[in-house]
2 protein chains.
Amino acid sequence: MLEMLKKFTVNDGFFGRFRKLVTDVVIPYQEKALRDEIEGAVPSYAIKNFELAAEWQETGHCSGEHHGYVFQDSDLAKWIEAAAYSLIASPDPALEQRVDEVIDLIGRAQFPDGYLNTYFTIKAPKERWTNLQEAHELYCAGHMMEAAVAYAAATGKQKLMEIMMRMKDNIYQHFITEKAPGYPGHPEIELALLKMYEATGDAQCLELAEHFINVRGVDPDYYVKEAASRPGKVWGMDPKDRAYAQNDVPVRAFLVAEGHAVRAVYLYTAMAELARRTEDRALKDACQRVWRNITQKQMYVTGGIGSSAQGEAFSVDYNLPNDIAYSETCAAIGLVFFARRMAELFHTGEYGDIMEQALYNTVLAGMQLDGRRFFYVNPLEVVPGVAGVVPANRDVLPVRPKWYGCACCPPNVARTLTSLACYAWEEGEDMVWSHLFVGGTLDLRDTKGVTIDVQTNYPLKGKVVYTMHPVEETASFTLAVRIPAWCEGVTLRRSGQKIYSRGMGTPVGDPIGDGFAFIEGPFREGDTVELSMDLKPRRIFANTHVAADSGCVAFAYGPLIYCAEGVDNHNEILSVRASRSLDPVMVPITEGPLQGLLRMDIPGYRLESDDGLYSARRPRAVPYTVRAIPYFAWANRGENEMRVWLPEL
Amino acid sequence: MLEMLKKFTVNDGFFGRFRKLVTDVVIPYQEKALRDEIEGAVPSYAIKNFELAAEWQETGHCSGEHHGYVFQDSDLAKWIEAAAYSLIASPDPALEQRVDEVIDLIGRAQFPDGYLNTYFTIKAPKERWTNLQEAHELYCAGHMMEAAVAYAAATGKQKLMEIMMRMKDNIYQHFITEKAPGYPGHPEIELALLKMYEATGDAQCLELAEHFINVRGVDPDYYVKEAASRPGKVWGMDPKDRAYAQNDVPVRAFLVAEGHAVRAVYLYTAMAELARRTEDRALKDACQRVWRNITQKQMYVTGGIGSSAQGEAFSVDYNLPNDIAYSETCAAIGLVFFARRMAELFHTGEYGDIMEQALYNTVLAGMQLDGRRFFYVNPLEVVPGVAGVVPANRDVLPVRPKWYGCACCPPNVARTLTSLACYAWEEGEDMVWSHLFVGGTLDLRDTKGVTIDVQTNYPLKGKVVYTMHPVEETASFTLAVRIPAWCEGVTLRRSGQKIYSRGMGTPVGDPIGDGFAFIEGPFREGDTVELSMDLKPRRIFANTHVAADSGCVAFAYGPLIYCAEGVDNHNEILSVRASRSLDPVMVPITEGPLQGLLRMDIPGYRLESDDGLYSARRPRAVPYTVRAIPYFAWANRGENEMRVWLPEL
């Protein structure tokens, strides 16, 4: 998966916009935040903490105190990771030098025995490994390992990798050699260790990842015992809330997705990756069970997961309230991670479909179109004066804040949007899998003797053209192109000749199995594979068990879920209704921050109700065209009403 | 108002059932609860606390500790009040003797200076009046004053009245004579003092009530100062949350209903009563503003108020979620109190309409049909497995519990249902106002020289017949009969002759003004006034600003709001839809706990959706008759789905 970072060069009109934003705006902004240089913002202290930890290593004492969350180190790690990905596409020697300096600082903060964590250096030096449940020690290590892998991939520089290999050695010594009990409170290191293994082949990385996955929940009382004996506490979490902590049963016994949503999907991501590497049937089955539970019972139509604000957690099946949705940006990102590993594990199209659903909707919604504000919580209905105000709706904000005290989401968006290559593509022995439709150039000369040029304006248009440029006369491999399940009208042409068609004129070819079309080589210079998807507006209906969506319809165009905002609809979203029969039309947006996107004009009605609270008179329905925009672009024009699910009339 | 307690004898088929339950089941059950004699229930300690306080008065020390809430005394007070009302209709010498003994005990617990409160006797004897915000001292006094008034009215016995007059003297001494600052954290004593004034004419009662109303919010920092100086705390409430405590502004400046809902309506009740007695224009205006805000912006269709579980509070305009509704039973009762005073203050029918809406729906829903279980929270949508389980829905229970640690609601229902006479009737100088349609006999021989016999099967049938029995040959007064605004078809006959009709054949008579028909005397023996209301099922539509009710309709029959329950609908409430055009029909229920009530069969559909979470296929609509029952009778047949607002199709 990681090899795609340098093999695929994105030159996509749609994602190019976001990539550029991350490179030009988010990464510099976040660097300032980490250096406490943003006036008026709460200082991060993330770099300052490393400076203090380095001082401690070098002098034996600290001139200051640790500040910020117990997981503050991870903010710096995610920034390094995003910067690394950005450097691949946009070389920037000055940035690279600053990252090098930060890595030097990190190295100086490391203990001689390899241990690295500023909180446990400055604040609680005697409490290493005593509070796995709350203290995010392994989580911070995991993020720094991901950063190390990314920076090595981007620059070839190994220093951070070496630092984190020493930290891995320290962890290995403690948990494997010395047989210390326990497992991470916030899963993350498992998937990071598997990335380290992928990048280096170091067997201990695989062994350690497998260890943390295997021991989890085998002793479901581990946190209870830990809480009874540990010297300090961070938040005072309930150690007996085992389902919340995903340690009620061993992971292979998981039946449904439960607990803190981000922790869950980070763990499932590692489980799926490990299952693939070890061909572990029980682990595969557990992954499929939680996958099905998430996507068939607990996922918003926007690809958001974790509906409960309390605990940032999964709820129960079908409990998907729109106005008090939590749907954390990081959880949708974690679902993309999980989906990508599942795609590689099972090779059916549904994983790419869900990856796309989460990415194009909730993940993108996490960032304002100018890259300067971010959502942590992604509701599907917002009423100003209620959202962020009424206690039950307090976590749901109607506009993106500039930053967060707990700033996990913004850099998570940044690192995801700069590493799209990993999610778009997968390479097998004789296969090339196209999971996402992103324009760019895929350089597979080393492995398949071919360069594939991808031209597309997706998701604004439905055409994707893959043009082959073999190094030799021909290149022999099979191109597997995902055919989205949501797409009714599909045509596939090979060098102009229709080889498959459904829903667009006379059907051609056999039904496509497992969500992929397989186009076998050999390919010659200029050979094309052209996928045409009919992106006409489509209606989505929720299962009737979803109480919040009763009587409602959602609209989509391609992978993009649409929503109606007050600013386009006389601030009367609550009174608009969608026609049950008339079809929407797409209209280009020619001005404002949404310029270049497509508006959806949905035939419908505007209700005129009496002034009173209740009335015997049915509200008068006046024909009205509801103007909808892509969900990811909501809240870019000030505070206003928003709804994804529209009542039908 | 209180004089009606003995003047009106209820013999109503509908309310008779509830009255009997309260007398036969609730009052004895609650007595056992107060005496800690219910096995398996949390002990109340309410009587034990008084025994300990009496011991303290008599010996100077206590052999035990105070238990229960700081307002535990009020549970005993409300029980005495309910028992008193019950004794009027159902004399019970044994019960009366036990109440007398309890009153003796209360008297023994009183300080020589008149002060009475077990918490501040046993637990915090040096902290009298130091924590008005939290400690419910004046609240408990108010409830015991209401009990004293009720018991004197019922039995003529004055002992409790004398006890509470001494307590009033003590309060007067502290707040008036000694000019102590402050006002009650939980309003209640204001309305109680006005009842004391009504019962006794004691001017200090009126003065003290007026004082507490007038000083409230004049110093909006009173609680802040108190919190800074008080020796102890009860809950640690935020003294700066002034709108929550209804002390942000003086009461005459109230614009909207805010804060804790029960506190608010108890305060508004006293404000309306005081405004009537003092003809205070500014106070009247404030009452009308909060009334309009409640009934036109913040009230559920069931008459429930206070939608926010956090703080048991009013929310913002139109924020009326159904599945996380709080809608406390006590708040609906308080709305009945407020409405009754507003009716007497302004004499328009809307107040009786709302009184009826709250009483027949949320207040009655507060009690199981067998009188043995009670709701504190009254949702308008329940999904088992979500209600009471998912954190956001934790306060919403799908079945009534047996009792509560904080048991304010059950005795509140009991005292309300046993004092219906006060709410049904009002007597003016030349007027008799019929606010509610309750069968029984109104003995006005002393004042109007007439007995009025009321025959009705309301709300099952729409006919109400008032038959006059003058003492002399004629009786001269005007009978004002409320004509519900929701009723489209009304006919009024005087001794058989149609004097007014609307919506039922040819209109007769002038439009009725202000929601009342006025039938002037003189009346002779056997003269009748017959009101016929067409109780056909009716649809109710919410204002489009109510997000939770978008696309939905509610159904009512007379004053009864209906709901659909799973037990009558194959446990498929979320998939049923109401027809937009076909009309429901009423069907008698002939068996089970709802026997004698009317079911509403609503033509509609059952949707069959795909198994998946989302689908492009519109769920298939199969014709289906939705069976609905009166809202107050829900959750009498086990845990199951319930919905008041049904999506239309």
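The values are calculated or read from the model by the stated rules, or taken from the named source; none is laboratory data. Just so it is clear, the model here is predicted, and its values are computed rather than measured. Backbone-built Cβ (ideal geometry, glycine too); neighbour counts: all protein chains shown. Quick note on the areas: whole protein, heavy atoms, side chains included, nothing else; ligands and nucleic acids left out. Shrake-Rupley method; radii C 1.70, N 1.55, O 1.52, S 1.80 Å.
A few points about this structure:
- Residue match in region A:399-422 (condition: open to solvent by 10 Å² or more (accessible area, probe 1.4 Å), within 14 Å of another protein chain (Cβ to nearest Cβ) and modelled with pLDDT under 95): no
- Residues that are open to solvent by 20 Å² or more (accessible area, probe 1.4 Å) and part of a strand (DSSP E or B), drawn from region A:434-460: A:441, A:443, A:451, A:453, A:455, A:456
- Applying the set (1) touching a Ser or Thr at 6+ places or on another chain (Cβ under 6 Å); (2) closer than 20 Å to residue A:387 by Cβ; (3) not polar (S, T, N, Q) to residue A:301 leaves exactly one unmet item: (1).
- Within the span defined as region A:145-165, every residue fails to be more than 22 Å from residue A:83 (Cβ to Cβ) and buried (at least 20 other Cβ atoms within 10 Å of the Cβ).
- Only one of the listed residues (A:518, A:523) is without any contact (Cβ under 8 Å) to a residue 60 or more places away in the chain and outside the structural domain of residue A:603 (by TED's automatic domain parsing). That residue is A:518.
- Selection of region A:485-496 for residues being open to solvent by 60 Å² or more (accessible area, probe 1.4 Å) and in contact with a helix residue (DSSP H, G or I) (Cβ under 9 Å, 6 or more places away or on another chain) yields only A:485.
- Filter result (in contact (Cβ under 8 Å) with a residue 24 or more places away in the chain and either aliphatic (A, V, I, L, M) or open to solvent by 30 Å² or more (accessible area, probe 1.4 Å) (or both)) within region A:174-189: A:174, A:176, A:180, A:181, A:189
- Test set (1) touching a Phe, Trp or Tyr at 6+ places or on another chain (Cβ under 9 Å); (2) acidic (Asp, Glu); (3) open to solvent by 40 Å² or more (accessible area, probe 1.4 Å) - residue A:39 fails condition number: (1)
- Entirely in region B:90-173, the helices (runs of 4 or more DSSP H) that have 3 or more residues that are within 29 Å of residue B:236 (Cα to Cα), in the same structural domain as residue B:59 (by TED's automatic domain parsing) and small (Gly, Ala, Ser): none
- Residues in region B:220-251 that are crowded, with 21+ Cβ neighbours inside 10 Å, more than 18 Å from residue B:70 (Cβ to Cβ) and not aromatic (Phe, Trp, Tyr): 3 in all.
- The criterion of at least 3 residues that are open to solvent by 30 Å² or more (accessible area, probe 1.4 Å) and within 14 Å of chain A (Cβ to nearest Cβ) is met, among helices (runs of 4 or more DSSP H) falling completely within region B:268-386, by B:281-297.
- Taken over region A:389-409, residues that are part of a loop (DSSP other than H, G, I, E, B) and over 27 Å from residue A:22 (Cα atoms) amount to 3.
- Unmet requirement for residue B:99, which otherwise passes all of (1) surrounded by fewer than 21 Cβ atoms within 10 Å (Cβ to Cβ); (2) closer than 29 Å to residue B:3 by Cα: (1)
- Residue selected from region A:461-484 under the condition closer than 11 Å to residue A:533 by Cα and assigned to a loop (DSSP other than H, G, I, E, B), by the criterion most open to solvent (accessible area, probe 1.4 Å): A:461
- For region B:2-28, a residue qualifies if it is crowded, with 19+ Cβ neighbours inside 10 Å and either at pLDDT below 90 or not in a helix (DSSP H, G or I) (or both), and the qualifying residues are B:8, B:10, B:12.
- Restricting the search to strands (runs of 3 or more DSSP E) fully inside region B:538-649 and requiring at least 2 residues that are open to solvent by less than 10 Å² (accessible area, probe 1.4 Å) and more than 14 Å from chain A (Cβ to nearest Cβ) gives B:560-565, B:598-608, B:620-630.
- Flag for residue A:105 being farther than 20 Å from residue A:63 by Cβ and touching a residue at least 24 places away in the same chain (Cβ under 8 Å): no
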